[in-house]
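Everything on this sheet refers to the single structure shown next.
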């Protein structure tokens, strides 16, 4: 497959270039700049949205956004450990949180490449990191689809559970990654993800969905929605659906636009169009700030960009 060979060669060349300290700082600077642009570009609408939400609610929603990101990092760490490459929490946080800033660059793959290079500093092979990131996304997608169906369509878990369990079955997940590795002409993984690794990843992922659902719920209630369990359920379902739509729109940096539109469509019948737009915009801003803050703290905590031995891909 000539196309696959060219893609694999491009990936190897890009990964090799990323080993340079200057390339890494240039990448991080570009990603941060685009993340900031995401916020500044909507500044007028965001300022109008801020009038609907009290400062205390913003702080609470911001804390939930940070919690969502940290829990997602732990979910990825569980997958990586399940593949036979355990990382200490501090090192895993550095890899995941700094790498996530790459999602603000167009293309949908830069966060994977960034994480692969950062993990390589900790003696984790590139293909191992990329595979673990993709597996974490698959776990997130399956759980998000199940939650969206249950919370928005009111489908019973007795119907959804078998489908979700099949999607989370280790042979299915490992099979998907095996196909990706063959298409990209990469060597098979030395170990496969087992049931224990999947279970831990699912628990952390569900906790992260709960945190971000709470974030949207806080904003929605501040914008006029009733403070009920139904609002929390709707907010969680709205966000996981928005995440699925944004993730599918890989050409959009961090799903910008697609996620907000989905949130507005789901929330508007409950809180009104204006309030739904305000919630979507503020949620995006808080998530972006959480990404930047967490990446900055992770870099500061480690005090240097590269540590430890380096492995070959």
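Where the second residue is in a helix (DSSP H, G or I) and at pLDDT below 90 and the first is more than 21 Å from residue 189 (Cβ to Cβ) and lies in the range 156-177, which pairs have Cβ atoms under 9 Å and are six or more apart or on separate chains?
Within 9 Å, the pairs are 164/157.
Please find, within the range 195-228, the residue that is modelled with the lowest pLDDT out of those that are surrounded by fewer than 18 Cβ atoms within 10 Å (Cβ to Cβ) and in a loop (DSSP other than H, G, I, E, B).
The residue in question is 224.
Can you run down the residue pairs with Cβ atoms below 6 Å, 6 or more apart or on separate chains, where the first is in the range 188-200 and in contact (Cβ under 8 Å) with a residue 60 or more places away in the chain and the partner is surrounded by fewer than 17 Cβ atoms within 10 Å (Cβ to Cβ)?
191/84
Would it be correct to say that residue 101 is in a helix (DSSP H, G or I), touching a residue at least 60 places away in the same chain (Cβ under 8 Å) and buried (at least 21 other Cβ atoms within 10 Å of the Cβ)?
yes
Checking the condition within 17 Å of residue 90 (Cα to Cα), at pLDDT below 85 and under 17 Å from the mean Cα position of the chain (by Cα), which residue from 254, 295 passes?
The conditions single out 295.
Need the failing condition index for residue 88 against (1) within 12 Å of the chain's Cα centre (by Cα); (2) surrounded by fewer than 20 Cβ atoms within 10 Å (Cβ to Cβ); (3) free of Cβ contacts under 8 Å to residues at least 60 places away in the same chain, just the number.
(1)
Would you please list the contacts, defined by Cβ atoms under 6 Å and residues six or more apart or on different chains, that run from a residue in the range 291-304 that is at negative phi to a residue that is modelled with pLDDT under 75 and part of a helix (DSSP H, G or I)?
292/35
Please pick out the residue among 168, 155, 163 that is at pLDDT 90 or above, surrounded by fewer than 16 Cβ atoms within 10 Å (Cβ to Cβ), within 21 Å of residue 202 (Cβ to Cβ) and more than 17 Å from the chain's Cα centre (by Cα).
After applying the criteria, what remains is 163.
The values are calculated or read from the model by the stated rules, or taken from the named source; none is laboratory data. Everything numeric in this text was worked out from a predicted model, so none of it was measured. Cβ sites come from the backbone with ideal geometry, for glycine too, and all protein chains shown count toward neighbours.
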